[in-house]
Amino acid sequence: MFVQMKHFIVVAGNSYKVIDRFVRGRNEGPSSMEQQQGFLSRELYVKKKDVSREEVVVLTYWASEVQWENYDKGLPLNDKPRFEQAEFEQLDYILECSYTNYRILK
């Protein structure tokens, strides 16, 4: 199993803006990621760090690293995670943004 972790530190009161980018409405149907072979699930976490900052963690689970890579390679150029990260870094309510990948060993 393969996990991608997206980690954000945001100005307090703005965590919903990050979460909204990863959650679809009930009437919108599954996202392209959710339809991808090998996609297992996504989890969102929010934690208040102090009075001025919140932490948001998005964990995306894949059956394998290869299946995640196939999804990543199939994205249009303007939808690649590295461009998404650059876009996040330009938003004034995002103080920090990082992505990390893990293999789950059993």
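The values are calculated or read from the model by the stated rules, or taken from the named source; none is laboratory data. Here the structure is a predicted model, which means the values were calculated and not measured. Using ideal geometry, Cβ is built from the backbone for each residue, glycine included, and neighbour counts are taken over all protein chains shown.
A few comments on the model shown:
- Among the residues making up segment 41-57, those that are out of contact with any helix residue (DSSP H, G or I) (no Cβ under 8 Å at 6 or more places or on another chain) and of a type in the set (A, V, I, L, M) are Val51, Val57.
- Some residue of segment 39-50 being among the basic types (Lys, Arg) and closer than 15 Å to Tyr16 by Cβ: yes
- Residues in segment 25-38 that are exposed (fewer than 12 other Cβ atoms within 10 Å of the Cβ), at pLDDT below 90, assigned to a loop (DSSP other than H, G, I, E, B) and not charged (D, E, K, R): Gly25, Asn27, Gly29, Pro30.
Okay, residues lined up against (1) outside any helix (DSSP H, G or I); (2) in contact with a Ser or Thr (Cβ under 9 Å, 6 or more places away or on another chain); (3) at pLDDT 95 or above:
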| residue | (1), (2), (3) |
| --- | --- |
| Lys17 | no, no, no |
| Val23 | yes, no, no |
| Leu40 | yes, yes, yes |
| Val46 | yes, yes, yes |
| Glu55 | yes, yes, yes |
| Leu59 | yes, yes, yes |
| Trp68 | no, yes, no |
| Lys73 | no, no, no |
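- Scanning segment 39-49 for residues that are closer than 16 Å to Ile94 by Cβ and either surrounded by 14 or more Cβ atoms within 10 Å (Cβ to Cβ) or among the acidic types (Asp, Glu) (or both) turns up Leu44, Val46.
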